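One structure is given here, and the rest of the page talks about it.
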Amino acid sequence: METTCAQAAPNPDPAAVARLCVCFNLRKAVRAVTQFYDTMLEPTGLRTTQLTVLVALSLAQRIPLRRFAERLVMDRTTLTRNLRPLERRRLVRIERGPDRRQRFMSLTGAGRAAMERALPLWQAAQSRMVGRGGAERWGALGAGLDEIVTIAQQNLSAAKSAV
């Protein structure tokens, strides 16, 4: 009998992990999608990960680093590393808060302009993806991904509590 995603194999082999592992397959899909969007965005000099940060900052206005990392479901160290090139290009501003421990981020005018230049290319990439997969499929996938984030965060909280 074949093991399904809902079943845990008693002694999983690498082939079963590659076929069934939620994390393995989500990361593989994310890499493929990211490579496509990065190629489409190449004329702007932005990567998909950077455009994501610029878009999220445009919605957040001025936000503490910790809260921004939580919104993006990233650890602060990774977010800080991803912000450095954007800060060097003066696309984002990082400022100390009143107590000097807190750092606030905001989108600069140059960052907004870079985002606005990238959005038509993002739209072209998005249209190609949705056109190939169908709006209904992508809508369902988006809802499913939101649910996966919630499930993963609940499982993470439970795992941290058990440690």
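The values are calculated or read from the model by the stated rules, or taken from the named source; none is laboratory data. Keep in mind that this is a model prediction, so the values were computed, not measured. Cβ atoms come from the backbone with ideal geometry, glycine included; neighbour counts cover every protein chain shown.
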Single residue of the range 54-67 satisfying the filter (touching a strand residue (DSSP E or B) at 6+ places or on another chain (Cβ under 8 Å) and modelled with pLDDT of 95 or more) that is surrounded by the fewest Cβ atoms within 10 Å (Cβ to Cβ): 58
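Give the residue, chosen from 125, 143, that is of a type in the set (Gly, Ala, Ser), out of contact with any helix residue (DSSP H, G or I) (no Cβ under 9 Å at 6 or more places or on another chain) and outside any loop (DSSP other than H, G, I, E, B). Reasoning before the result, please.
On the way: 125 fails: out of contact with any helix residue (DSSP H, G or I) (no Cβ under 9 Å at 6 or more places or on another chain).
The match here is 143.
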Single residue of the range 73-102 satisfying the filter (among the hydrophobic types (A, V, I, L, M, F, W, C) and surrounded by 12 or more Cβ atoms within 10 Å (Cβ to Cβ)) that is farthest from residue 57 (Cα to Cα): 74
Index of the failed condition, residue 65 passing every other in (1) farther than 30 Å from residue 155 by Cβ; (2) touching a residue at least 24 places away in the same chain (Cβ under 8 Å): (1)
Residue, farthest from residue 33 (Cα to Cα), within the range 124-143, restricted to residues that are touching a residue at least 24 places away in the same chain (Cβ under 8 Å) and among the small types (Gly, Ala, Ser): 124
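So is residue 30 exposed (fewer than 15 other Cβ atoms within 10 Å of the Cβ), in a helix (DSSP H, G or I) and modelled with pLDDT under 90 or not?
Considered against the rule, which asks whether it is exposed (fewer than 15 other Cβ atoms within 10 Å of the Cβ), in a helix (DSSP H, G or I) and modelled with pLDDT under 90, residue 30 comes out as no.
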Search result, residues across the range 50-109 that are among the small types (Gly, Ala, Ser) and more than 23 Å from residue 121 (Cβ to Cβ): 69, 97, 106
Pair list, Cβ < 7 Å and 6+ apart or interchain, from the range 112-123 residues that are within 14 Å of residue 86 (Cβ to Cβ) and of a type in the set (D, E, K, R) to residues that are assigned to a helix (DSSP H, G or I) and modelled with pLDDT of 95 or more: 112/58
Options 86, 119: the member that is in a helix (DSSP H, G or I), in contact with a strand residue (DSSP E or B) (Cβ under 9 Å, 6 or more places away or on another chain) and modelled with pLDDT of 95 or more: 86
